[in-house]
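Notes for the one structure printed next.
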Amino acid sequence: MVHVLSSRVLLRPTDPERSREFYGGALGLAVYREFGTGPERGVVYFLGGGFLEVSGRSDTPPGPGLELWMQVADAAAAHKEFLLRGVEVIEPPERKPWGLIEMWIADPDGVRIAVVEVPEGHPMRYRPGI
């Protein structure tokens, strides 16, 4: 069995500076570490329980199968902040039939990002036996 100590999503954007501005500036993700120099230098951001590394460059955007999921404490407050920062909101916050409050945004390369609030009383907050 493999014992995983840490993990991260690796994202190779078409325009690294634009993507660093999006994730670090518009979304305000905190920096875990930076490495390298020049326009394709790498930045690793904290992403809740994991990390997002934006480094290198790709000639094409990531495929449509790549999506990120980020849980926030307050989706409505995140929505207001995103609008102020010029983030493209694809779908505003809405309570879904499964009980989560979801909003969808997109990064500069079109990577879809689910921004999710888990409201009080939702089964994801319930831990049997505790």
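Here is how the numbers come out for the structure above:
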| read-out | value |
| --- | --- |
| Dipole of the chain, positive end: most advanced residue of V111, A26, F51 [Cβ charges, Cα centre] | F51 |
| Relative contact order of segment 53-130, pairs being alpha-carbon contacts under 8 Å that are 6 or more residues apart, as % | 31 |
| Inter-site label distance for Y126 and E94 at 7 Å from Cα along Cβ, in nm | 2.6 |
| Accessible-area order (highest first, 1.4 angstrom probe) of the listed residues M1, M124, M103 | M1, M124, M103 |
| (1) 2, 10, 18, 21, 18, 15, 9, 5, 2, 1, 0; (2) 2, 10, 22, 23, 21, 14, 7, 2, 0; (3) 2, 11, 22, 26, 21, 12, 5, 1, 0, with the label sought being that of the calculated P(r) over Cα pairs in 5 Å bins from 0, in percent | (1) |
| Residues with amide H under 5 Å from that of V87, placed H, sequence gap 5 or more | none |
| Contact order normalised by residue count of the chain, Cα under 8 Å, 6+ apart, percent | 22 |
| Cα-based helix-to-principal-axis angle, 75-84 vs the chain, degrees rounded to 10 | 30 |
| Whole-Hz couplings from phi, Karplus 6.51/-1.76/1.60, listed for segment 25-37; x for Gly and Pro | x, 5, 8, x, 5, 6, 7, 7, 7, 10, 8, x, 9 |
| Using a Förster distance of 25 Å, the FRET efficiency for S7-D74 (Cβ separation, nearest 0.05) | 0.40 |
| Fraction of beta bridges assigned by DSSP in the chain that are antiparallel (%, nearest 5) | 70 |
| Low-density loop cleavage sites - trypsin sites (Lys or Arg not before Pro) in segment 1-90, where at most 15 other Cβ are within 10 Å (DSSP) | R8, R41, R57, R85 |
| Where GluC sites (Glu not before Pro) fall in DSSP loop in segment 38-130, at most 12 other Cβ within 10 Å | E120 |
| Mean projection area, nm², convex hull over Cα of segment 9-66 | 4.0 |
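The values are calculated or read from the model by the stated rules, or taken from the named source; none is laboratory data. What you see is a predicted model; the values in this text were computed from it and never measured. Note: ideal-geometry Cβ built from the backbone for every residue, glycine included; neighbour counts use all protein chains shown. Note: areas computed on protein heavy atoms with side chains; ligands, DNA, RNA excluded. Shrake-Rupley method; radii C 1.70, N 1.55, O 1.52, S 1.80 Å.
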